[in-house]
1. Right, C:N47: out of contact with any strand residue (DSSP E or B) (no Cβ under 8 Å at 6 or more places or on another chain) and either of a type in the set (V, I, T) or within 24 Å of C:P131 (Cα to Cα) (or both) or not?
2. In the range B:291-304, what count of residues is obtained for those that are open to solvent by less than 10 Å² (accessible area, probe 1.4 Å) and touching a Gly at 6+ places or on another chain (Cβ under 7 Å)?
3. For the range B:460-498, which residues satisfy the criterion of being surrounded by fewer than 16 Cβ atoms within 10 Å (Cβ to Cβ) and part of a helix (DSSP H, G or I)?
4. So B:A405 passes all but one of these: (1) of a type outside the set (F, W, Y); (2) within 14 Å of another protein chain (Cβ to nearest Cβ); (3) over 21 Å from B:R473 (Cα atoms). Which condition number does it fail?
5. Need the failing condition index for A:A303 against (1) surrounded by 23 or more Cβ atoms within 10 Å (Cβ to Cβ); (2) farther than 19 Å from A:F29 by Cα, just the number.
6. What do you reckon, is C:G24 open to solvent by 20 Å² or more (accessible area, probe 1.4 Å) and at positive phi?
7. Please indicate, with yes or no, whether at least one residue in the range A:276-298 is closer than 24 Å to A:H200 by Cβ and assigned to a strand (DSSP E or B).
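The values are calculated or read from the model by the stated rules, or taken from the named source; none is laboratory data. Just so you know, these numbers come straight off a predicted model, no measurement behind them. We place every Cβ from the backbone using ideal geometry, glycine too, and count neighbours over all the protein chains shown. Surface accessibility is based on the protein's heavy atoms, side chains included, excluding ligands, DNA and RNA. Shrake-Rupley method; radii C 1.70, N 1.55, O 1.52, S 1.80 Å.
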Amino acid sequence: MTRIKREIYEKEISACSLFGAMNRNKERFTGEGVISAIANMHVRGNGLGGGFAIYGLYPKYKDCYAFHIMFERRNKDAKKETDAFLSMNFDLVYDEEIPHGDAKVVNPPLVWRYFVIPKKRREEENFSDDDYVVQKVMHINTKIEDAYVFSSGKDMGVFKGVGYPEDVAEYFFLDKYKGYIWTAHGRFPTNTQGWWGGAHPFSILDWTVVHNGEISSYGTNRRYLEMHGYYCTLHTDAEVMTYAVDLLMRRQHLPMSLVARIFAPPFWELIDRMDENERKLLTELRMVYAPMLINGPFAVIIAHHDEMIGLTDRIRLRPLIAGVRGEMFYLSLEEAAIRLLSQKLDKVWTPNGGEPVIVRINR
Amino acid sequence: MKSYLLPEFIIERNEERCIRCRVCERQCAFGVHYYDEELDKMFSDEEKCVSCQRCVVFCPTNALVVRPNPSQYKLNYSWNREKISDLIKQAETGGVILTGSGNDKPYRIYFDHLVLNASQVTNPSIDPLREPMELRTFLGCKPDALALKINSETEFIPNVMIETPIIFSALSYGAISYQAFNSLAIAASKYGTLFNTGEGGLPKELRKKYGRNAIVQCASGRFGVDPEYLNCAAVVEIKIGQGAKPGIGGHLPGEKVSYSIAATRMIPEGTDAISPAPQHDIYSIEDLSTLIYTLKEATNYEKPISVKIAAVHNSAAIASGMVRAGADIIALDGLRGGTGAAPKIIRDNVGIPIELAIASVDKRLREEGIRNRCSILAAGGIRCSADVVKAIALGADAVYIGTAALVAMGCTLCQKCYTGKCNWGICTQDPYLAKRINPEIASRRLLNLLRAWSLEIKEMIGGMGINAIESLRGNRDHLRGVGLHEWELDVLGVKGAGE
Amino acid sequence: MEIDASKLTQKELNDAIMDCMHSGVKKIILRNVYGQRYIGTRLYSPNNKVEIEIFGTPGNNLGAFLDGHRIIVHGNAQDGVGNTMDDGVIIVDGRAGDVVAMSMRGGKIFIRDSVGYRAALHMKEYLSKRPVLVIGGTVQDFFGEYMAGGIVILLRLNLGNTLHEANFIGTGMHGGVIYIRGEVERHHLGKEVGVSKLDEKDEDILKRYVGEFAHYFGMDKKDIIKEDFTKLLPVLKRPYGRIYTY
Ligand code: SF4
Ligand code: SF4
């Protein structure tokens, strides 16, 4: 009789640098500034991962889902299998290899981009496009060996890899792209040598998360997400965050202001002092979503098309600083990085722990 | 409230031998023995006794026996005597139970399940008494390769030399007496090894003489940390955690903060010295890197920086991060590491055995190709020279000994360090008790210990056909497991005996 | 002596400062500083004291372990200003990040605007070494956590009539004193601190250090002082003495 294999997983522990910049008038800008800002926090990373998310990236194809897919070891079979899978389930509008140079990154995989439109079969008609895409992305990630989807939203994309963020940027020529939100990440994992898929940002549809922290509630959070059909195959905190955001915001339609209260709830002591309505709401949130309390230090920048959100844990064990200049909005772990882009700022502050900074597009 | 506790020990005095010299009375700071003049007889308050055996050793006529009180609750494997007594204490006080020394629970001691190899026929053993046998060890980061062309890019990498792979572990002045602290310093400098100041600072007058044999700690309380302290030392150690109390801060009660301790820690006399649980400038691995580099800056890049952590579940991953963060030395303190004071519930339940931690950390660092970038110090439960050899074979560079050094000075592991009444003059600030340690003599005991262990290590490695300690490091082929499970052998990376 | 830091790494910049100090320069001006860390930390030199003027945004642990030098920042500072500082003066003509003056044991720090979390954490004093921290704006949570000594003055100059919002002020505090301009609500305070009355000695302290603060930032001391201050002292010297049993 074979013994059931014990579940042994190893969680990745890492710390990182984060940066985000957004133009609230949706004016697109190039990546140079963001790249130099994240490079300025070079010492916070260790060259084992860097990445960027860009919104407003593909205006020409803005109605298509843009898939950035990596093929590990440049595996041709994986590429073939993925191509076949995509053409069965989507109309392919355009695809190409993402242009790259030869900057010093580690073992670059083949990275391809596809612009696609869902091609649903009858029984799938009642799926929303988004759900359909999520399902297909999960399929590629879990079923096709050596293929992994970096990002799958519209008019946006994630570029990431193993190396310092500035090297990853150089590799993908990111200074040439334009977008109206940029988030960036430099990684400092404590263990693994780094895998391209494991770099940040993490993304599902047009949601992206860059994260710095070590979640001490990981086991609790992960098991809760599993109950909702998310499989945390990468064992990283950021993955948990990304799925949590997808679950709470996209599927359950909770506003960020509440999601922040779930991730980083106020202490009971404070709740007890609140007025009745607020107390009730927060008590209920804490009861219902107790397994989604993200305990331990974290700072995240979450983005999707209309918003960029910064949040830290409830006792602010990780730094986060916000700055505004005109229509430009910045989030960073260090003020110096913001100042590098914008010497003058109208306002700069460190948000309170657990209080989200939410920046929206002007309408 | 009448206490329901059973007296833990029983004191038997042989009345025929007792000459009423009252030595026992004077030796016992717990106030157990007293003399009744009218009856001309010695009596004892047994419930106060902690079984430190001081009176037994010092009774000139060997009239005393102190042994566990044989009274028993009804036998129960779940509710054993200790569980019941602890519960009674808490029911009577409502407090967190404090204790001292290391974890005394019957967790598996892997050292006792590992056996060493010896050469027979195919490879000669070496006779350590007549042929050279080298124990000299360098602590610090080693470059990937020798840079023959020294250019400005090559960073100077400081290393510290020790003559034997045994270092005295962190015992702070405050936790132990000045005399005991001084004894460690003397012994370390005479033998050519290091002592660790712990987080209580290094008294100014000792800095010049013993600084170069000191590992000075920069811990969460930052007591006595000033630029001179950092710069006089051989190594600066960032203390993140300790095996006896991972994740827990420390707390030297105000009544122990005497004039001289206050001066060393640079806090007012009589105030509590609180060490926060975390270092509040380290909430992450990159913050650790910041503090490591801050200390390198503060010491002009002249000293290796050590980072000490308690051995916990993720030690391997954490250690890898520490190396990448710039740590030159990684000190791992295992489940059985000692302490001057810790909540008993933490001491007895948190952490992992040091043997497993050494093996997994060493393995991980090798897999990642960065083992050369740090030295590993193993601490927590090293009781004899064979433990040292086994620790090194599992992957350590050297070991820290704490409890062993205290025992050499007289400690009998009564575990009452936190009371400040140590009858052996070690863990106390009471001048009357502390002067029981004469640094001249105590340092000689320590030197003898270092000498004896070093000789034994030479015997053991000589038997394996090894004449330099570096050939033992990580050499798990010289270890075999006895009575271990498959997973344990896997983690330790050793074969079973006979395999 | 002027140094343009724009192209220098943290290490190069600190090397340059060290060289300056050793060659006898007494005043060093740094321009275009963007996040270089540990400025002033390496200058351990019992007989040599310098003044460093910084233009830009110095990085984390500015003046950590500082050994009696003087640092002036024209701009904002980041986290860890004056970490375990031993002596000297740091003046920030702007704001600062988290853990300002952590474990500081001597010298003075003046911050014109607000600071982040855990300012004055575990500050301590010994005999004549009594560190001073003056903050012009406000603070975030855990202000004065574990504080064991020293003088901290919080001025609330940028808050108008609103009160401080920080929670857990002085939690675990067991030494030293905090003066807060205006009032604080009890529930913002940690359970280890109590509000006490100011006496003449306190007035002297305030006059002296608020005066120094006002002088550096061109403000009017009298304006600041005339409002009432709240004085916070630890209730117990031994906050945790009673939770243990033997
Ligand atoms: S505490 Fe020690 S000295 Fe006192 S009676 Fe017991 S064994 Fe003897
Ligand atoms: S030390 Fe021994 S002989 Fe002396 S009084 Fe005590 S028991 Fe009697």
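1. Spelling it out, C:N47 is indeed out of contact with any strand residue (DSSP E or B) (no Cβ under 8 Å at 6 or more places or on another chain) and either of a type in the set (V, I, T) or within 24 Å of C:P131 (Cα to Cα) (or both).
2. Qualifying residue count for the region: 2.
3. If the condition is that a residue be surrounded by fewer than 16 Cβ atoms within 10 Å (Cβ to Cβ) and part of a helix (DSSP H, G or I), then B:S471, B:D477, B:E486, B:W487, B:D490 are the ones that fit.
4. The failed condition is (2).
5. Result: A:A303 passes all but (2).
6. yes
7. Within the range A:276-298, one or more residues are closer than 24 Å to A:H200 by Cβ and assigned to a strand (DSSP E or B).
Residue-wise test of (1) closer than 14 Å to B:C21 by Cβ; (2) more than 14 Å from chain C (Cβ to nearest Cβ); (3) among the hydroxyl-bearing types (S, T, Y); (4) more than 10 Å from ligand 1 (Cβ to nearest atom).
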residue: B:Y35; (1), (2), (3), (4): yes, yes, yes, yes
residue: B:S44; (1), (2), (3), (4): no, yes, yes, no
residue: B:V50; (1), (2), (3), (4): no, no, no, no
residue: B:R54; (1), (2), (3), (4): no, yes, no, no
residue: B:S71; (1), (2), (3), (4): no, yes, yes, yes
